[in-house]
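Have a look at the structure below, then the notes.
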Amino acid sequence: MHALESTMPIAVIGVVLMFIMTSGQTVNRGRDEGTLSIPASNVMGNGNIDLFIASDERYSLSGFMFDPILGARIGISDMMQLTGQFIPVSKSFIGPVEAHLQITTPGNDNLRFFGMALSADLFLSSAPDTLSSTAESDKPEYNPYLFPSFLADLDWLALSKLLPFKMYLSIGMVDNVDLLPTYDQISLKTALEWKMFQHSAFASAGAGFYKEKSSRLGPGDASYKQSYFWIEPGGRYRLFGRFSIVGAVKLALFENTKENNPLQPELFKISIKVEAPLLFRETNTEAIRTLIFMERKKEKKSDSFEKRVATGKNLISDMSAALMGPQDSLDALDLDTKGTMKKRREETQKKMDEVEALFKQLDLEAQPKAPALLDTASSASRKSQ
Amino acid sequence: MKYIVIIFSGICLIISLAMAQGPKRDRAEGFYQCVSSNTIGGGNTWATVRGIGFLWDNGPDSTGNPRAFPFLEVASETGVSNFMSLLVESRILSYPWHKWFQFGNIAAGARFTVPNNKELRFRGYGLECKWIYNSQPEFPSLSGYRVGGTGFAPEGYIVQGGNFQFKIIHDMDFISEYSWLPLKIDLNAGMRIPFARASYILPQYLFDAGLGYVGLGFDLFAEYSLEAFNNLMGPKKIVGLDASGFQHVCEVFFWENPMYVTLGGRIRYENGMTLSGSLPLLVSTNMGSSMTAADRAALANPQIKPGDQFYDEHLRGITDPFDPWFAKWKIVVELSFPMRYKQTGAEMMRNFLLLKNRKEGKKIDIDERLRTLETQSDSLKNDDSDKKRRLEEIRKRREQIDKGE
């Protein structure tokens, strides 16, 4: 049994290494990758599964907190994904469990410029609520909370290959899960991400607005009178082209709290997350992104195809055309452009035909006057006759 | 570490199995609590492993003070004929006591449906009968409202010993009428009748209603489930539900019965294995007094007079308060797979209709795409070179003419 236990870790490492080796040098980039605090509006490919492990080290006026997080994401269809996560060890025995069902707008399977999504966010609180009307300290309640949130993003790469940036916006009703039993919340977040072939860098900023709920201790607040603002720079580093390590540092810049029973927001937070795809199938969106990144490397070549690719836009048009139906890239051009090109080619052809006809006529007219101009091959043939 | 390795190996095995074979579908698939009227098909056997977990806390009545309750259940269904199947299920690990898990229950039964089960039918009717034996002698209860293994557990009211349960099933499968509408509605109504007799042992009425999207690769569903005493028209008094022998009296209103709204989904793999996740959320609400120290004191006040809080309850002889302090939420994860399988005609038709209406997204083969674009580029280049040659000849002739040759 001991021998089995000692060989098991080696077996696991072996299996993991096999996964890595078989993955080759391609980049497994998920369509749903966003920043650490704002998910992309895009959802995963249908049937894809990601596992992730994360840790949050938080500091507020009440002290340091450390939360390990385990979770998984699964793509349910081409426009829906389910994310679940929980904190296995926490100060209150076990941390909150979260489930997010995200539905995005059509066009998700293409490199779209503007995307948006709605998410149903369910939080199964593990913080004992002892303040509600039917709860007491020895009769705590662990309540669920269900809220919607809105996500939108702009993928500038879809417009030009020279702009590998993505901008995010998130509006929700949860800023701090631990404070859900005591506060109504509004969360506004925005971010800018610079996407590279494998890695990315991002900067997020946001604000949380809080309204204390009524409880057996008091009537609560009439409005969202407490708030704080934060920034969060970070990045994504891809390991072996497959695993993502996402890290960020959050810093509260400004806070507005009341004097009596003030809010204790997170002043400082370091977050690290490791994402591992368990089942991965490349999506069209990321295939196009990869292709654009790869083509950028070939910019130095200057044949007509490369020039055309170099504009980036044409390549996207071609790919979009391939996705939307027509298999010929020329079909992707708009009708006016195609018409103009065809007309110009026909005119050129016509003029060249006219000029060549004129030359033939000149040759014919010149024949009796200048027999010497006839080629030797013609005269040789006449002689042989 | 050992457990992590086992879990990891299990996940790898499941995924490899899931990716190995063709599409299979369980004819008898319902939602979480809602049972389908369809039976599984003659000769087929399906097995299910289910894990349930929630947080709940009643220190004084749960020795060892557990807060997180994990449960493990197994079930199987075997088709005897095309309109009858046999069911066996068990809660293997139930409420812990003195920090040890107890065996929960075992159940056996049968489900019958009308003989047109072979077809993909719009309206289905069925009957499910079960004998359930609850064996656990102890469990943490709502404010100690239990006698031995009978009383209010965090998930609802349970009675130790034998119980007979039946459900009349009706469902509507819209895909059979409209191939573009893969929706299903399940309705169940029935009773759970305990064999034991005592003043605090009561039958329960069961009602489940569910609406689900039943797709090719995944399902989504929402359902409502209720386990009610006979208290629709007025509160039900329960007398003597106290291990100390004190004849205390509490009453349960209809809205205080355990009722859950469940949101869930199911992923279906090609070999027939399904992975389901459900989140039952409690929607019961308190009526009248609640099980807090203040309300208890108010009810027990011998000087209570008209106009005082809970005076009406006092008049009805209520000595102890009640509120639906059941688990507010649960997490249910379920793995189901075929042990013996033959495709039924109805499910083959469902697969066909779903495939027919599937809008398959177009995929790009990047290598092929690049080759195509390069070929186009070459043809463009050839075209250009021909034009250049002709223009060069024209230019030469023009020069000759200009020179007067």
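Tabulated results
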quantity	calculated
Estimated 222 nm signal from helices in chain B, with DSSP H stretches of n ≥ 4 weighted -39500 (n - 2.57), rounded to 500	-6500 deg cm²/dmol
Chain B: relative contact order as a whole-number percent, Cα under 8 Å and 6+ apart	16
Förster-model FRET efficiency, 25 Å R0, B:Ala297 and B:Phe246, C-beta, rounded to 0.05	0.90
Phi-based couplings in Hz for region A:102-109 (Karplus 6.51, -1.76, 1.60; Gly and Pro marked x)	10, 10, 10, 7, x, x, 5, 8
Folded to 0 to 90 degrees: helix B:345-356 orientation relative to chain B principal axis, Cα	50
Projected-area average for region A:153-204 over all orientations - Cα convex hull basis, square nanometres	4.4
Where the Cα pairs of region A:40-128 fall when distances are cut into 5 Å bins, in %	3, 14, 19, 19, 15, 12, 10, 6, 3, 0
Relative contact order of region A:28-283, pairs being alpha-carbon contacts under 8 Å that are 6 or more residues apart, as %	19
Cross-link table B:Lys184/B:Lys356; B:Lys24/B:Lys328; A:Lys139/B:Lys330; A:Lys166/A:Lys250, entries beyond 24 Å C-alpha to C-alpha	B:Lys24/B:Lys328
Sorted by Cβ neighbour density within 10 Å, fewest at the top, the residues B:Cys129, B:Cys34	B:Cys129, B:Cys34
Footprinting exposure proxy for B:Phe152, A:Phe66, A:Phe293 (fewest neighbouring C-beta atoms within 10 Å first)	A:Phe66, A:Phe293, B:Phe152
Long-range tail of P(r) for region A:232-281 (Cα pairs > 12 Å, %)	71
Residue-by-residue Karplus 3J(HN,Hα) for region A:156-165, coefficients 6.51, -1.76, 1.60, Hz, glycine and proline x	5, 5, 5, 8, 8, 5, 7, 10, x, 10
Magnitude of the charge dipole, region A:88-170, Cβ model with Lys/Arg +1 and Asp/Glu -1, debye to 20	420
Calculated log₁₀ intensity ratio I(q)/I(0) where the Debye formula runs over C-alpha points of region B:26-163, q = 0.13, 0.14, 0.16, 0.19 Å⁻¹	-0.64, -0.71, -0.84, -1.02
FRET efficiency, 1/(1 + (r/R0)^6) with R0 60 Å, evaluated for B:Lys342 and A:Tyr237 via beta carbons	0.75
Under the Debye formula (equal points on every Cα, no solvent term), log10 I(q)/I(0) of chain B at q = 0.07 Å⁻¹	-0.45
Cut-off 10 Å between beta-carbons: net charge of the residues surrounding A:Pro181, Lys and Arg +1, Asp and Glu -1	-2
B:Ile106-A:Ser214 pseudo-label distance in nm [points 7 Å out on the Cα-to-Cβ vector]	5.4
Within-14-Å neighbourhood charge of A:Phe243 [Cβ basis; K, R +1; D, E -1]	+2
Per-residue Cβ neighbour rank within 10 angstrom, fewest leading, B:Val147, B:Val214	B:Val147, B:Val214
Positive-pole candidate from B:Ile267, B:Ala222, B:Gly212, dipole of chain B, charges at beta carbon	B:Ile267
Angstrom value of the Kirkwood radius, inverse mean 1/r, which spans all Cα pairs in region B:151-237	15.3
Simple Cβ-charge dipole of chain B, Lys/Arg +1 and Asp/Glu -1, about Cα centre, in debye nearest 20	1120
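Every read-out reported here was derived from the displayed coordinates using simple, explicitly stated rules and does not represent laboratory data. In this text the structure is predicted, and so the values were computed from the model without any measurement. Cβ sites come from the backbone with ideal geometry, for glycine too, and all protein chains shown count toward neighbours.
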